[in-house]
1. For a label point 7 angstrom out from the Cα of residue 165 toward its Cβ, which stretches of segment 226-240 have the backbone nitrogen within less than 19 Å?
2. Quick one: putting +1 on the C-beta of Lys and Arg, -1 on the C-beta of Asp and Glu, what dipole do you get for the chain around its Cα centre, in Debye to the nearest 20?
3. Rounded to the nearest 500 deg cm²/dmol, what is the calculated helix-only ellipticity per residue at 222 nm for the chain, with -39500 (n - 2.57) per DSSP H run of length n ≥ 4?
4. Please build a GNM for the chain, connecting alpha carbons under 10 Å apart, and tell me which residue among 69, 243, 218 fluctuates the most.
5. Work out the charge dipole of segment 22-130 with +1 on the Cβ of Lys and Arg and -1 on the Cβ of Asp and Glu about the Cα centre, then indicate which of 61, 37, 72 is farthest towards its positive end.
6. Of the lysine pairs in segment 22-130, how many meet both conditions: Cα atoms under 13 Å apart, and a spacing of 8 or more in sequence or different chains?
7. Rounded to a whole number, what is D in µm²/s for segment 145-302 from Stokes-Einstein with the Kirkwood radius over alpha-carbon pairs (4 °C, 1.567 mPa s)?
8. So if each residue of separation counts as 0.36 nm, and I subtract the Cα-Cα distance between residue 182 and residue 93, what length gain in nm does that give?
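What follows draws every value from the coordinates through simple rules; no lab data is involved. Note that the coordinates shown come from a computational prediction; the quantities given were computed from them, not determined experimentally. We place every Cβ from the backbone using ideal geometry, glycine too, and count neighbours over all the protein chains shown.
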Amino acid sequence: MKKLSEKEIIELMNKKKNRSEDVEIFKLGNEQCAVCVDTLVESTDIPKCSKLSDISRKSVVSSLSDFASKGIIPKFCIISLTLPKTISKKQVQELSKGFSKVCKEFKIQLLGGDTNQGNEISIHVVLFGNVKNFIRRNDAKVKDVICTTGPFGYTASALEIIMKKRKSVQSFSTKSKNLFFKPKPRLKFGQESLNYITSSMDSSDGLSSCLNELSNQSKKKFLITKIPTNDDVIEFAEKNKISLNRLVFDGGEEFELVFTVTPKNLKKIHTLAKKNKISIFEIGHVSKGNGVFFDDGNDSFIIKDKGWQHFR
């Protein structure tokens with residue numbers, strides 16, 4: 001029997017819907033609200049060297065990043081925990097510390113939740129927010145510029161260093177691990193750029209997955225002409241004989257925004273990015289057709305969806 005992928009499972013569950021979004025919009029009286037849910041599981045999402053306070057913070061950041069891609073303001077969250085009966089008081093306090101920190105950092109009210117016993121740590125976060133307007137994944141236009149809010153490759157490099165003991169200079173190792181364990185959702189930028197972006201998605205599952213999803217939903221061809229990374233990532237890849245494209249396109253866990261914008265709004269986007277101390281990478285453009293392709297004049301290839309998927 002063929003194994004189902006995460007995307008196939010989602011498609012089966014959503015077969016009555018004509019779109020796929022990580023955030024759902026609904027009306028509550030006269031108010032338009034947003035909700036999203038995310039789950040973090042110890043065996044698949046938590047490296048053994050992790051601090052539990054970082055992990056609990058990151059579990060909420062994952063949902064915040066989805067809100068950032070839509071320009072939504074977060075307000076409330078509910079958190080459900082599954083914990084092994086061997087967990088210590090100190091470990092529970094570390095988890096609580098991370099939740100308190102992230103809620104204070106982003107002005108979210110923790111309403112409560114549920115606690116259960118299980119074989120490993122599992123964190124389920126439900127995030128609620130207010131919506132006036134929001135950005136979809138399916139509105140990319142021909143001639144739009146494809147952008148990201150930051151460089152890619154650091155989080156995948158961090159996992160190579162942690163899991164496979166890859167060689168790196170200390171400064172690069174520290175930088176990569178910080179970006180992996182302490183990500184910063186682009187919440188303010190997403191909210192402020194809401195009216196200038198045509199389509200958007202958060203990159204937590206990997207840049208290749210993100211680009212293919214935006215392309216598929218918009219029914220447009222995405223041509224990538226620049227790899228969004230920095231020299232130190234290139235040096236790390238070369239030193240360890242790792243594919244740079246794999247680190248950049250297929251790594252995941254970046255929590256950056258990948259979005260499209262009309263050329264006339266590019267200047268405004270760069271102004272907002274500078275205000276929020278974010279680097280914008282212009283990596284390609286949208287055209288008629290379908291699929292995601294790379295061509296920088298020296299190299300060309302199809303960018304397939306090889307990002308993170310459960311059940312793959």
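1. From segment 226-240, the list is 239-240.
2. For the chain, the charge dipole is close to 440 debye.
3. Mean residue ellipticity at 222 nm (helix-derived): -11000 deg cm²/dmol.
4. 243
5. Toward the positive end, the furthest listed residue is 61.
6. Details: 51/90; 51/97; 58/97; 58/101; 75/104; 75/107; 89/97.
Close lysine pairs under the 13 Å cut-off: 7.
7. 81
8. Details: separation 89, 0.36 × 89 = 32.04 nm, distance 1.83 nm.
Additional length available on full extension: 30.2 nm.
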